[in-house]
Amino acid sequence: MVQQVAPRVLVIEDDRVLSRLIKEQMTRLGLDATAVATWAEVEAYLAGHEPQLIIADVRLGDGDALERLPDLVKGQPVILLTAYGSVRDAVAAMKAGAYEYLVKPVSPDELALVTRRALDTATLRRDHRFCRQRLEATEAKADFMVGQSAALARTREAIVMVGPTDVNVLIQGESGSGKELVARAVHEASERAQRHFVPVDCCTLQEKLFESELFGHERGAFTGADRMKRGLIEGAEGGTLFLDEIGEIDAAVQAKLLRVIETGVFRRLGGTKDLQANARIVAATNRDLAAMSEAGGFRADLFYRLSTFVIQVPPLRERREDIAQLVEHLIAHHNFSRRIDKALSAAALRSLHAYDWPGNVRELKNVVERAIILSGTSRSIGPEHLAFGGRRGGDTGGVTVSFDHDPTLEELQAAYLRLQLQKQSGRRAKVARVLAVSERNIYRLIRRYGLAES
């Protein structure tokens with residue numbers, strides 16, 4: 001189950017009876033309420049906490065709320081209460097940013113309604129900037145999930161298993177293989193799906209900038225920090241924080257991230273307040289974090305915390321049978337000119353199968369989009385329209401065959417034959433030319449290793 005953190009409400013009221021009644025009402029509403037009676041107590045509370053809502057009497061013995069309102073509303077909505085209501089004060093309060101201005105005696109039902117509305121409005125404002133991102137994520141997810149290969153099926157199964165849980169997930173895979181799309185799929189399969197998915201690119205930000213982006217910063221934390229800024233971890237409240245290329249962060253940030261995972265508490269850069277983090281951590285890397293942790297390049301304790309559940313994303317060369325469906329999907333969903341319905345020729349598909357795709361699905365998408373442009377007014381995309389790594393045609397470069405043990409010569413031969421059959425789309429004459437053997441010999445080897453379906 002997703003951890004539910006009760007919103008904090010600060011009640012500022014010097015009438016002890018009214019203060020107690022409002023605090024009790026807030027508690028009945030399921031809120032975490034704290035009551036104070038002076039502005040000195042307010043300052044002490046705000047130095048260590050951040051409420052989601054403030055309910056304040058306009059006049060206290062040591063100050064006036066209207067004077068402090070511009071600073072208060074920067075962090076949270078403020079509901080003002082007064083026994084001396086006037087149109088002028090109400091207008092001044094609303095101009096200064098107050099959410100609502102209520103005249104005492106306040107009806108409990110009215111206060112409950114305004115409180116809920118203020119909290120809901122604040123949540124909607126925070127959510128608004130993520131709406132477009134979520135819509136884009138739903139469309140983008142299909143780019144990776146298209147296909148029926150066994151390798152893709154294993155990834156889908158892993159997403160289905162871990163999605164509904166709330167454990168941390170580590171996604172491993174090559175660049176361009178679709179790690180962020182897998183992370184989004186994990187989020188969409190979770191109980192947090194209605195909240196935010198917040199991606200953080202760990203490899204493009206310097207240490208201080210990364211820390212500021214992730215945890216936020218207080219005013220004056222560094223040169224140019226002229227105002228308080230909430231971090232992305234706060235933006236992921238109730239949702240999922242995706243840390244892409246986690247292996248690139250330095251030791252200082254690793255230590256702070258470990259503290260967040262272990263305690264659920266963090267501080268903004270330059271801050272002294274302990275803030276609550278309620279976000280699921282999903283991390284991704286194209287590096288071997290286990291080896292890095294053994295060598296001291298990555299904290300072992302953080303690695304173990306992140307890798308509660310590991311999902312391996314297959315490279316495109318291990319799911320070549322998905323290429324045809326992927327290309328169909330990319331042609332149908334490209335976001336530029338659709339004047340001509342394009343189709344891939346059989347020769348072009350063979351070229352795509354023969355290439356090893358070091359850039360994976362991202363590279364395939366680029367190749368297909370470039371081919372749509374290069375094919376011009378032609379309805380058919382041919383091999384001449386394909387450009388791999390900046391070169392035309394299907395130059396495949398080297399080949400890679402991997403095992404989880406020391407293979408025998410027979411296993412190596414069978415694996416290489418299987419690879420060539422996939423790359424050449426089952427054209428046995430072509431495989432025979434590549435292997436420099438007779439076609440009859442290829443047929444014999446196929447029967448020997450049970451590769452008739454390759």
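The values are calculated or read from the model by the stated rules, or taken from the named source; none is laboratory data. Note that the coordinates shown come from a computational prediction; the quantities given were computed from them, not determined experimentally. Cβ sites come from the backbone with ideal geometry, for glycine too, and all protein chains shown count toward neighbours. Just the protein is used for accessible areas: all its heavy atoms, side chains included, with ligands, DNA and RNA removed. Shrake-Rupley method; radii C 1.70, N 1.55, O 1.52, S 1.80 Å.
At a Förster radius of 41 Å, what calculated FRET efficiency corresponds to the Cβ-Cβ distance of T272 and A295, to the nearest 0.05?
Working: r = 36 Å, r/R0 = 0.87.
So the FRET efficiency works out to roughly 0.70.
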Full-extension gain in nm, S378 to A6, via 0.36 nm per residue minus C-alpha separation: 127.9 nm
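Please work out the Kirkwood hydrodynamic radius for the chain, using every pair of different C-alpha atoms, and report it in angstroms with one decimal place. If you can, show how the numbers build up before the last one.
Working: mean 1/r = 0.0382 Å⁻¹.
Kirkwood radius, the chain: 26.2 Å.
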Solvent exposure of the chain as accessible area per residue, Å², 1.4 Å probe: 51
Accessible area of the stretch 284-355 belonging to carbon and sulfur atoms, whole % at 1.4 Å probe: 49
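Suppose R0 equals 60 Å. What FRET efficiency, 1/(1 + (r/R0)^6) with r the Cβ-Cβ distance, do V17 and T204 give to the nearest 0.05? It would help to have the intermediate numbers written out before the result.
Numbers: r = 56 Å, r/R0 = 0.93.
Once the sixth-power term is evaluated, E becomes 0.60.
Looking at the stretch 148-222, which chymotrypsin sites (Phe, Trp or Tyr not before Pro) are DSSP coil and have at most 13 other C-beta atoms within 10 Å of their C-beta? Mind dumping the intermediate values first?
Numbers: sites: F197, F210, F215, F222; in loops: F222.
Passing sites in the stretch 148-222 are F222.
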Rounded to whole Hz, the Karplus (6.51, -1.76, 1.60) HN-Hα couplings of the stretch 34-48, x for glycine and proline: 10, 10, 10, 10, 9, 5, 5, 5, 4, 5, 5, 5, 5, 5, x
Geometric extent, Cα atoms of the stretch 148-297 - Rg, Dmax (angstrom): 16.1, 54
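With contacts defined as alpha carbon pairs under 8 Å and 6 or more residues apart, what's the relative contact order of the chain in percent?
12
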Computed over the stretch 137-287: relative contact order in percent, which uses C-alpha pairs under 8 Å that are six or more apart: 28
E369 versus V265: modelled label distance in nm, points set 7 Å from Cα along the beta carbon direction: 4.6
L124-Q254 pseudo-label distance in nm [points 7 Å out on the Cα-to-Cβ vector]: 4.5
Helix 16-28 vs. the chain, principal-axis angle (Cα, 0 to 90°, nearest 10): 20
For I381, distant residues with modelled amide H under 5 Å away: A343, L344, S345
On Cα atoms only, tilt of 150-162 relative to the major axis of the chain in degrees: 20
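Helix-derived [θ] at 222 nm for the chain: sum -39500 (n - 2.57) over DSSP H runs of at least 4, divide by residue count, nearest 500?
Details: 18 runs with 210 residues, N = 454.
Rounded to the nearest 500, the figure is -14000 deg cm²/dmol.
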Theoretical FRET efficiency, 1/(1+(r/R0)^6), r = Cβ-Cβ of T408 and Q194, R0 41 Å, to 0.05: 0.20
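Which of rounded, prolate, oblate describes the stretch 269-389, given a ≥ b ≥ c as roots of the alpha-carbon gyration tensor eigenvalues and a/c under 1.5 marking rounded, otherwise prolate only if a/b is larger than b/c? Display every interim value, and only then the final one.
Values: a/c = 3.48, a/b = 2.18, b/c = 1.60.
The shape class here is prolate.
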Lysines with Cα under 21 Å of K74, excluding same-chain neighbours fewer than 8 positions away: K95, K229, K273
Computed over the stretch 209-310: relative contact order in percent, which uses C-alpha pairs under 8 Å that are six or more apart: 29
